[in-house]
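What follows is calculated from the coordinates using simple rules that are stated; it is not laboratory data. None of these values were measured; they are calculated from a predicted model. Don't worry about glycine lacking a Cβ; one is built from the backbone with ideal geometry, like all the others, and counts go over all protein chains shown.
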Amino acid sequence: MEYLVEMTLAALPKTPEEGIILMEIYILPTLALAKKLKQENKIISGGLMVGKVGIAMIIKADSAQELDGIIDSLPVWSRMQTTVIPLTSFESREIIVKQLLETTKKRIAEAKTQQQNQ
């Protein structure tokens, strides 16, 4: 299954020294690991957010536990607010919509038939 993961920095550094620590200990190692996870096809796509300190990724995982492990492995995770959105494929959604469409058409036809018989 694929998940959209958005991680935004919970609090900006208060001093330049804190900024250096954030970059050296959290951000750069996270970027290196993200590149590795992308090569391993665990991260399908992603990048840094424009206009805010954050990262957005589409992660492929077989379970919520695997996803949790991937997110937790990112060094910057403890400094971020994280949102996870499970994604469904276009194909599976298309099947559901087609079924809904057929059901709705049948209901309309049945309602018209009932109105005509009254």
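The stretch between residue 65 and residue 25 holds 11.9 nm of extra length on full extension. This uses 0.36 nm per residue minus the Cα-Cα distance. Between the helical axis of 90-117 and the longest alpha-carbon principal axis of the chain there is an angle of about 30 degrees.
Hey, got the dipole for the chain? About the Cα centre, +1 on K and R Cβ, -1 on D and E Cβ, debye to the nearest 20?
Working: 14 positive and 14 negative charges, 113 e Å.
In total the dipole reaches around 540 debye.
Within the chain, the longest run free of trypsin sites (Lys or Arg not before Pro) that sit in a DSSP loop with at most 16 other Cβ atoms within 10 Å is 53-118. For the stretch 7-109, run through the GluC sites (Glu not before Pro) and keep only the ones in DSSP coil with at most 15 other Cβ atoms within 10 Å of their Cβ. Of the GluC sites (Glu not before Pro), the ones in loops of the stretch 7-109 whose Cβ has at most 15 other Cβ atoms within 10 Å are 40. Return the whole-Å distance between the Cα centroid of the stretch 1-38 and the Cα centroid of the stretch 86-111. The two parts, judged by their Cα centres, are 41 Å apart. Counting lysine pairs in the stretch 2-87 that sit 8 or more residues apart in sequence, or on different chains, and whose Cα atoms lie under 26 Å apart gives 10. For the chain, taking the reciprocal of the average inverse distance between every pair of different Cα atoms yields a Kirkwood hydrodynamic radius of 17.2 Å.
If I stretch the segment between residue 114 and residue 18 completely, what's the gain in nm (0.36 nm per residue apart, minus their alpha carbon distance), one decimal?
Working: separation 96, 0.36 × 96 = 34.56 nm, distance 7.20 nm.
Full extension of this stretch gives 27.4 nm more.
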